[in-house]
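J.: Mind looking over this structure? Questions follow.
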Amino acid sequence: MGLTGYLKEASLVFTGEGRMDTQTLFGKTVVGVATKAKAFHIPVVVIAGEVAGDYKELYQYGIDAALSITPGPISLRKSLANAEKLIADAAERAIKLILIRLEK
């Protein structure tokens, strides 16, 4: 099943990349995924190693929220060494925010 087949069954999409910034507009996967998800009116959350620069411009391309995996300044070495935990923590923060909205 391709991406479109999965999207027909989805109510939320998580996608990610190493660094989300204005370069993301130029052929990176998250914009392609977000564009397809929006065709089905599905919200899109991006989890990135870093959210930087004019990333807010990306919201007009179907991305609803963007979260960095790092809770503050961190070296690349430490980030890579702890990537699994950092990504899981960022996903948990995103889900908690979504649940707050759903409880209303």
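Read-outs: derived from the displayed coordinates by stated rules, not from any lab. Just so it is clear, the structure is predicted and the values come from calculations on it, not from any experiment. Cβ sites come from the backbone with ideal geometry, for glycine too, and all protein chains shown count toward neighbours.
J.: Would you please classify the overall shape of the range 5-69 from the alpha carbon gyration tensor, given that a ≥ b ≥ c denote the square roots of the eigenvalues, rounded means a/c under 1.5, and beyond that prolate means a/b larger than b/c while oblate covers the rest?
T.: Judged from the Cα gyration tensor, the range 5-69 comes out prolate (a/c at least 1.5, a/b above b/c).
J.: A further question follows. Output ³J(HN,Hα) for the range 33-48: one whole-Hz value per residue in order, computed from phi by the Karplus curve 6.51 cos²θ - 1.76 cosθ + 1.60 with θ = phi - 60°, and x for Gly and Pro.
T.: With the stated coefficients, the range 33-48 comes to 5, 4, 4, 5, 5, 5, 4, 9, 6, 9, x, 10, 10, 9, 10, 10 Hz.
J.: Sticking with this one: With each label point set 7 Å from Cα along the Cα-Cβ vector, what nm distance links A39 and Y59?
T.: Going by the 7 Å Cα→Cβ label model, 2.5 nm.
J.: Using a simple charge model, +1 on the beta-carbon of Lys and Arg, -1 on the beta-carbon of Asp and Glu, nothing else, what dipole does the range 11-102 show about its Cα centre, in debye to the nearest 20?
T.: 140
J.: For the range 51-62, in order, what is each residue's ³J(HN,Hα) by Karplus, 6.51 cos²θ - 1.76 cosθ + 1.60 with θ = phi - 60°, in whole Hz (x at glycine and Pro)?
T.: Residue by residue, the range 51-62 yields 10, 9, x, 8, 4, 4, 4, 5, 4, 6, 10, x Hz.
J.: Ignoring everything except DSSP H segments at least 4 long, calculate the 222 nm mean residue ellipticity for the chain; use -39,500 (n - 2.57) per segment, divide by total residues, nearest 500.
T.: That comes out to -13000 deg cm²/dmol.
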